[in-house]
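Rule-based calculations on the coordinates, nothing more; no lab input. All of these numbers come straight from a predicted model, not from anything done at the bench. Here the Cβ is made from the backbone with ideal geometry for all residues, glycine too, and neighbour counts use every protein chain on show.
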Amino acid sequence: MLFKLFGNLEGINEFLSLIGTLLIISVIHYYYKYFTRINPLPGPFPFPFVGNLPQLVWHRGNLKDYLELNHKKYGDIIDICLPQRSISLGRAEYIEKFLIPSTKNLNITRTPRFNVFDDLGITGKGIVVNQHYKSWRYNRQFFTQAFLNPKFNHKAIEWINRLFDELESYWNKLYLKEEIIKENKNILDFFPWLNQFTNDMIIELITGERSYSMASLFNTLSDEKAEHHLAITEDSVKLVCAIRKYNTRLPWFELVPPFLRHYVPYFKNISDDTINNVKYLHKRLDAIIKRRRQEIENTPLDEPLQSDMLTSVITASTSRDFNRIKTVGGEILRPMTDDEICFVMIDGFLAGTDTTANMISFIVYYLAHNPVVKMKMFEEIDRRFQGDTTRPITEDDLRSLKYCEAIIKEVARIFPVFHSFGRVINKPEEIAGYRWPTGTYFRINADAVHGNKNHWEEADKFNPDRWLNEGFEPKKYSFIMFGGGPRLCPGRKLAMIELVGLMALLFRKYEIDLVDMKAPLKTTSLAIVYYSLHKLYILSFVCIKNFVIKMSRQDIQEILDILDKTIKTIYPDCIITPVGGYRRGKEFNGDLDVVTNIDLIYKERL
Ligand code: HEM
């Protein structure tokens, strides 16, 4: 009918005026709907059809920054259209209904578009983007059982030690040779190393097979090659690249409308490439699953099996399962199929690599900017390891490092990796004092909740000590580093093992500084906050040689006072802020290198 109408038009002018009229009607319709929307809330004014996407693009696509700006401007509950309407919530009381840890809490849907991943063939599969309640619950049950197994945690601690040894062997060759340190060339790009570390770690824990992405990074930076066979290294890099592509393309798929993906060549090429990538991942993992099934079948019943996630999910609900009869909501669970296993494995990779690698990078950044905190952390780590920088770390070590744990929580509070996550209500609900219809899309803004002055004393201050104050308990739902409710992060235990473990292994031996202390913490973010893709923070390393300078907080304060007085005799109006701070280590022979102002004064006092 539309073609007939166009056919009857005479001349280009009539055609253009028809298009113009249709456009004006659509714009009027768009704004009519906008101005008559239910529960109008403050928020940035949307453009027709694309909502606030242009403003987001103006903010270089950084959703974290854009939401933060709008919460500051409009308050704890705001309207944002990206391009659909979503209600961003920045207050603990407002998010309670989503985060109640009860089986009756059915608010588990993350995005309002149910079929957004149809083209990728992952609708109703896995956990992270699964919107189908039944299959999500089934998959999650198996995933959680595998991750909560104590044997799995032991394996995680064993592998963090082994992989850190491997990482150090590369760093020793690249950055820590004496001549390199002398020439001040002990500078490295921290994030890629930690990212490859977490890739190798999660692939080992999930598949029980080795991955060599750290080796590959070493090969690209050094003339000498890693010990592992080149073909094996390159092959494992293919898997890591496919996982990375999957991670970055999911938010892209969610944002780019199907019309563009199907018909506009540029978008279609990316879309096809993403679809092929999922097929590659599927094929690759399917081969691993089949191999493992065979190995399990060939293992006598009385012999132990590996403790990786794959073995656990293959054997769950079979005769090899300890806890054979598993039920969810009274229903007995059948064993998982290869296809189901494949997608829960992909989700383990998706959720368990960049999150941890980004977190540890943020931790290093905040420590570099907070010398007193860093010093207290050194004190705790040194007390525990007593100068032993080589023994493997243990579960007891991790349990004892309470200040490290407080630092992790405080970094997660002030700069959460997941700055916001979605929920869609599946029945009419009252949220934040308004009544909302089924299908309303909410954004739980962890960033805003964590920085809300109603919940946190000195919310903007980086203060890990708050977590150790006697009787301190954050207000309910005001700390949501791992989300909450039925969709609470099932990898949280592993994440903490990795983070505390990495802090202990790194800082019992190395001093890490930012090369450019003035550079802000730049990140990119759609779903999660990423260290920016550009090389940003280059960190220098100084190897510790079994000597630890102990300074108490009073010492530091005294030093600062002396510094203050000395400098003020020359520059009376200056304000002194410690930036570099306490540097531990360096071979101590009474002639401490001048590395920061604090060190300088320390030397003078000596
Ligand atoms: C510092 C590290 C990590 C942080 C900050 C983090 C945080 C989160 C957050 C905020 C969510 C969303 C929760 C919600 O919607 O309520 C989530 C979900 C999830 N996380 Fe983590 N996570 C981390 C590490 C891990 C690790 C190591 C794994 C395991 C491989 C993992 C597996 C998952 C999975 C499978 C989900 C989806 C759960 C579901 O949809 O039911 N995460 N995580």
Give me the extension gain from Glu209 to Phe49: residue separation times 0.36 nm, minus the current Cα-Cα distance, reported in nm with one decimal. 52.9 nm
Of the listed links Lys402/Lys461; Lys182/Lys565; Lys104/Lys151, those spanning more than 23 angstrom between alpha carbons are Lys182/Lys565; Lys104/Lys151
Take the residue pairs Lys64/Lys522; Lys72/Lys475; Lys97/Lys475 and return only those whose Cα atoms are more than 18 Å apart. Lys72/Lys475
Can you tell me how much longer the chain between Ile28 and Glu297 gets when fully stretched, taken as 0.36 nm per residue apart minus their C-alpha distance, in nm with one decimal? 90.3 nm
Can you give the FRET efficiency to the nearest 0.05 for Thr389 and Arg492, using r as the Cβ-Cβ distance and R₀ = 25 Å? 0.30
Whole-angstrom gap from the stretch 403-427 to the stretch 216-230, using each part's C-alpha centre: 36 Å
Could you list Asp396, Asp561, Asp65 in order of exposure, starting from the residue whose Cβ has the fewest other Cβ atoms within 10 Å? Asp396, Asp561, Asp65
If you take all C-alpha pairs in the stretch 118-508, what percent of them are over 36 Å apart? 30 percent
Can you work out ³J(HN,Hα) from phi for every residue in the stretch 202-207, in order, using Karplus 6.51 cos²θ - 1.76 cosθ + 1.60 and θ = phi - 60°, giving whole Hz and x for Gly and Pro? 5, 5, 4, 5, 8, 9
Taking every pair of alpha-carbon atoms in the stretch 299-417, give the share separated by more than 16 Å as a whole percent. 75 percent
List every residue whose amide H lies under 5 Å from the amide H of Cys81, counting only residues 5 or more places away in sequence or on a different chain, with H placed 1.01 Å from N in the peptide plane. Asn52, Ser86
Expected unfolding gain across Asp321-Ser222 under the 0.36 nm per residue rule, minus the alpha-carbon gap, is 31.1 nm
Go through the stretch 320-421 and name the chymotrypsin sites (Phe, Trp or Tyr not before Pro) that are in a DSSP coil and have 13 or fewer other Cβ atoms within 10 Å of their Cβ. Phe322
Is the C-alpha gyration tensor of the stretch 132-229 telling us rounded, prolate or oblate? Criteria: a/c under 1.5 is rounded; beyond that, a/b larger than b/c is prolate, otherwise oblate. prolate
